[in-house]
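The values are calculated or read from the model by the stated rules, or taken from the named source; none is laboratory data. Bear in mind that the values here come from a model prediction, so they are computed numbers and not experimental data. Glycine also receives a Cβ, built like all others from the backbone with ideal geometry; neighbour counts cover every protein chain displayed. Note: accessible area is taken over every heavy atom of the protein model, side chains too, but ligands, DNA and RNA are not part of it. Shrake-Rupley method; radii C 1.70, N 1.55, O 1.52, S 1.80 Å.
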Amino acid sequence: MLSVLVGNIKGGCGKTTIATHLASSFAATGLKTVIADCDRQKSSLNWLKRRDESAPVVTGLDWSKDLGSAPKGIDRLVIDAPAAMHHKDVEDLIAIADVVVVPVLPGAFDQDATAHFLKKLSEVKAVRKNKRVVAIVGNRLRLGLKATEQLDVFFASLGFPVVARLRDSQIYPSVAALGSSVLEAKERRARDYAAEWTPLLDLLAKQD
């Protein structure tokens, strides 16, 4: 089983979008996939409720109060982490994760929070000894804006790889409202956005 933690201490950076897209991608390839929602808002679980019955199956777990354990016999576990994580929370979640995906938005506040979170990650023994893969994802990017350019400068200062850059688009809330993802959407305009996920999906495929 491959376990992927999607986390950052900054709220609103797109953790649930990343988590649900990864889960839908895994399920689409026939992998038995579970998404564990650790946030009290239960956004991932609400996404599952809107999912069409004909879509590839993703099973949901409610970990909003306590961390549980993954069911036996599954292939992929995606963990949608809460925003307010203390050091122990980070350690507990990393203990059950193989890969940590960290979404970050353009903007000083998001960059400051992400830098603080990455510092926390660096202090965890498993990360420090390179026993966990950490992947940064630039999210909701708007090309040509100064904030996006500044984010690239911020990326260059990190000690972790930036594996994907995802543009901002209204297609994301549209597919979320259907319990779907741009990776599953059939609209022509979704294809370009879906292609931006390829580097991250390729990285995860290599972890098997």
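Just a few scattered comments:
- Restricting the range 135-151 to residues that are within 23 Å of A19 (Cα to Cα) and in contact with a Gly (Cβ under 9 Å, 6 or more places away or on another chain), the residue that is modelled with the lowest pLDDT: T148
- For the range 83-94, the criterion of being of a type in the set (A, V, I, L, M), open to solvent by less than 30 Å² (accessible area, probe 1.4 Å), in contact with a strand residue (DSSP E or B) (Cβ under 8 Å, 6 or more places away or on another chain) and at pLDDT below 90 is met by at least one residue.
- Selected residue (criterion: farthest from the chain's Cα centre (by Cα)) from residues of the range 24-41 that are small (G, A, S) and open to solvent by less than 20 Å² (accessible area, probe 1.4 Å): A27
- Criterion (buried (at least 18 other Cβ atoms within 10 Å of the Cβ), of a type outside the set (D, E) and closer than 16 Å to L93 by Cβ) met by exactly one of V137, V133: V133
- Any hit, the range 112-121, residues being β-branched (V, I, T) and open to solvent by less than 90 Å² (accessible area, probe 1.4 Å): yes
- Residues in the range 45-65 that are surrounded by 12 or more Cβ atoms within 10 Å (Cβ to Cβ) and assigned to a helix (DSSP H, G or I): 4 in all.
- Near pairs, Cβ below 7 angstrom, 6+ apart or cross-chain, from the range 1-23 (farther than 13 Å from I94 by Cα and open to solvent by less than 10 Å² (accessible area, probe 1.4 Å)) to any residue that is in a loop (DSSP other than H, G, I, E, B) and aromatic (F, W, Y): H21/W197
- Just one of (1) at pLDDT 90 or above; (2) in contact with a strand residue (DSSP E or B) (Cβ under 8 Å, 6 or more places away or on another chain); (3) of a type in the set (F, W, Y) fails for F109. It is (2).
- For first residues located in the range 112-132 and in contact (Cβ under 8 Å) with a residue 40 or more places away in the chain, partners that are open to solvent by 60 Å² or more (accessible area, probe 1.4 Å) and lie 6+ apart or on another chain with Cβ distances below 8 Å form the pairs L118/G159; K120/H87.
- Cβ-Cβ contacts under 9 Å between residues 6 or more apart (or on different chains), taken from a first residue in the range 81-93 that is over 14 Å from N8 (Cβ atoms) and part of a helix (DSSP H, G or I) to a second residue that is β-branched (V, I, T) and modelled with pLDDT of 80 or more, are listed as H87/V124; E91/V124.
- Among (1) modelled with pLDDT under 85; (2) open to solvent by 20 Å² or more (accessible area, probe 1.4 Å); (3) closer than 23 Å to T33 by Cα; (4) within 18 Å of the chain's Cα centre (by Cα) - the single one G68 does not satisfy: (4)
- Hey, P103 part of a loop (DSSP other than H, G, I, E, B) and touching a residue at least 24 places away in the same chain (Cβ under 8 Å) or not: no
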